[in-house]
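The values are calculated or read from the model by the stated rules, or taken from the named source; none is laboratory data. Quick caveat, the model's predicted, so the values are computed rather than measured. Virtual Cβ from ideal backbone geometry, glycine too; neighbours counted across all protein chains shown. Accessible surface areas use protein heavy atoms only, side chains included; no ligands, DNA or RNA. Shrake-Rupley method; radii C 1.70, N 1.55, O 1.52, S 1.80 Å.
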Amino acid sequence: MGSFIPSSILLLFLFFPIVMPLPLSTNSRWIVDEGGQRVKLACVNWVSHLEPVLAEGLSKQSMDTIAKRIVSTGFNCVRLTWPLFLITNDSLASLTVRQSFQRFGLLESIVGIQANNPSIIDVSLIKAYQTVVSSLGENNVMVILDNHISNPGWCCSNFDGNGFFGDKYFNPDLWITGLTRMATLFNGVTNVVGMSLRNELRGPKQNVDDWYKYMQKGAEAVHSANPDVLVILSGLSYDRDLSFIRNRPVKLTFSGKLVFEAHWYGFSDGQAWVTGNPNQVCGRVARDMVRTSGYLVDQGYPLFISEFGIDERGTNVNDNRYLNCFLSVAAELDLDWALWTLVGSYYLREGVIGLNEYYGIMDYNWCEIRNSSFLQRISALQPPFRGPGLSEAKPHKVIFHPLTGLCITRKSFLDPLRLGPCADSEAWSYTPQKTLVVKGTYFCLQADESGTSAKLSIFCTDSNSRWEMISDSKMHLSAKLGNGKSICLDVASDNTIITNSCKCISKDNRCDPSSQWFKLVDSTRSSTSGERSLLQYLPGKGLIPNLLVGSI
Ligand SMILES: *[C@@H]1O[C@H](CO)[C@@H](O)[C@H](O)[C@H]1NC(C)=O
Ligand SMILES: *[C@@H]1O[C@H](CO)[C@@H](O)[C@H](O)[C@H]1NC(C)=O
């Protein structure tokens, strides 16, 4: 095969958004498209499993507007939830949207849906679900169908009858029937790229043997009904535990489609983030995460963190501290993920009409973004850092700052180092001598007096340019000054990179170390501002072409 591409095809790429060649499959720990190139799932959860059984928000905005908002905020995918009975109970599936809302007296929502999405008000619930999927497809948004619960309603508790195979509402045979029907219904719908077989298994009946028995059966059923979709398996204990896979792999008759999913919230560890020292908690919780699910990527399976999120008002200290730690792990492992949630408010949740969702990226009216600085922070994780087919640049490190979602960048030779978008990140290498060198140059990161800017220097052998990753979180980058004093990388209020005394290393639970938290992340992304490295500044020599630096 030649590499010649007719110019008419090139023109097509210029004028139309580039659509990933679907379906997706797996290549070791990566999810890849038909061309073998990595596709990173950067999804948002869209709830469609509560009592009215309609994707939330359609009384406030048209589904097309919502889909376009998902795209403009940088997500490429939706994890769209559904209750099992939507597909196994014909009298539920065939209710019209109007009838479904009338059952709960949600008259205001009916008026809103009629105004914003008139085409679905008198169609069946299952048809409305399909319409939402097509609308996402028209906007090139991938969809993962997530069987969230059996009986429509808010999820989850240990005793809600939906937790594990054999529970009141969780008949395994009916579940297989439902998965088969759903997989069949969406066979040939190309933007449906995966199915989450069941959300948050839990409760007194949960056990590993039944997990294998039924999850393998469910996976086979889905695959034979629809061989295109990724088959996504969640663990036990609210999707917190996949440790058992380590010694007992899942046995399937097919390959290249298996993905695992896990959930990770601040409240997954109770109030640990508030009551403990954040370095110590992050160290412990991140180790725990690797033991229970993160290890899977080293075993060659993709891991999809299908739920994480925080109260976006920024007032929940437990959530805030957790998020810094979460973002650092998600960046380091470059995981696929789905944020909880898109939803700004619910039609009806847990008996409350119009409940405000503070974990949602949309505001109450589904008009504006609830908190754009939150979105800005997670946007660093939307594009992949690395993976098959993405080697635009040689492997290097970026220095990621989870508190801001920014990376260490350098505008020009004379400007101080500062935080900027990770797309403009400087490319670093972390040498065996523990220096942080700007790739392709002799410049290394160097600490000066406490409270002053960190500098680039060409004298890289002293202790003030040897950076150790210290504290339990391993996220303090620390060097020693000439007087033996340890100092840590930090950020000033104008976002320049400075050094300061290392703070909150242990014990103290009242202080927050996160301004000093940095993560070295492997990347092959090319920097959008790569041109500047054609010239380098050398003290006493001025600006010289980069290639000559080594020979001076
Ligand atoms: C099926 O759905 C209808 C409408 O929601 C409900 O009244 C009925 O109880 C459901 N049947 C089963 C077996 O769950
Ligand atoms: C957004 O989040 C930030 C940081 O968590 C917080 O300080 C700010 O008040 C939040 N803004 C809104 C509008 O809730």
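Brief remarks follow.
- Leu323 surrounded by 19 or more Cβ atoms within 10 Å (Cβ to Cβ) and over 29 Å from Asn356 (Cα atoms): no
- Residues of region 446-482 that are aliphatic (A, V, I, L, M) and more than 29 Å from the chain's Cα centre (by Cα): Ala447, Ala454, Leu456, Ile458, Ala479, Leu481.
- Top-ranked residue of region 316-337 - restricted to ones that are closer than 17 Å to Pro513 by Cα and either within 11 Å of the chain's Cα centre (by Cα) or not in a helix (DSSP H, G or I) (or both), ranked as farthest from ligand 2 (Cβ to nearest atom): Val329
- Of residues in region 72-85 being open to solvent by 10 Å² or more (accessible area, probe 1.4 Å) and over 15 Å from the mean Cα position of the chain (by Cα), the one nearest to ligand 1 (Cβ to nearest atom): Phe85
- Residue that is away from ligand 1 (no atom under 16 Å from the Cβ) and either assigned by TED's automatic domain parsing to the domain that holds Pro278 or touching a strand residue (DSSP E or B) at 6+ places or on another chain (Cβ under 8 Å) (or both), where the choices are Pro384, Pro432: Pro384
- Qualifying residue in region 208-216 (condition: among the β-branched types (Val, Ile, Thr) and crowded, with 18+ Cβ neighbours inside 10 Å): no
- Failed item in (1) out of contact with any His (no Cβ under 7 Å at 6 or more places or on another chain); (2) open to solvent by 10 Å² or more (accessible area, probe 1.4 Å), with Pro152 passing the rest: (1)
Each row is one residue, and each column tells you yes or no for (1) in a loop (DSSP other than H, G, I, E, B); (2) within 16 Å of ligand 1 (Cβ to nearest atom); (3) small (Gly, Ala, Ser); (4) open to solvent by less than 10 Å² (accessible area, probe 1.4 Å).
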position: Ile113; (1), (2), (3), (4): no, no, no, yes
position: Gly137; (1), (2), (3), (4): no, no, yes, no
position: Phe159; (1), (2), (3), (4): yes, no, no, no
position: Arg198; (1), (2), (3), (4): yes, no, no, yes
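- With respect to the conditions (1) over 27 Å from Met195 (Cβ atoms); (2) open to solvent by less than 10 Å² (accessible area, probe 1.4 Å), Leu107 lacks only one, and its number is (2).
- Checking Asp239 against (1) in a helix (DSSP H, G or I); (2) on the phi > 0 side of the Ramachandran plot; (3) charged (D, E, K, R), the condition it does not meet: (1)
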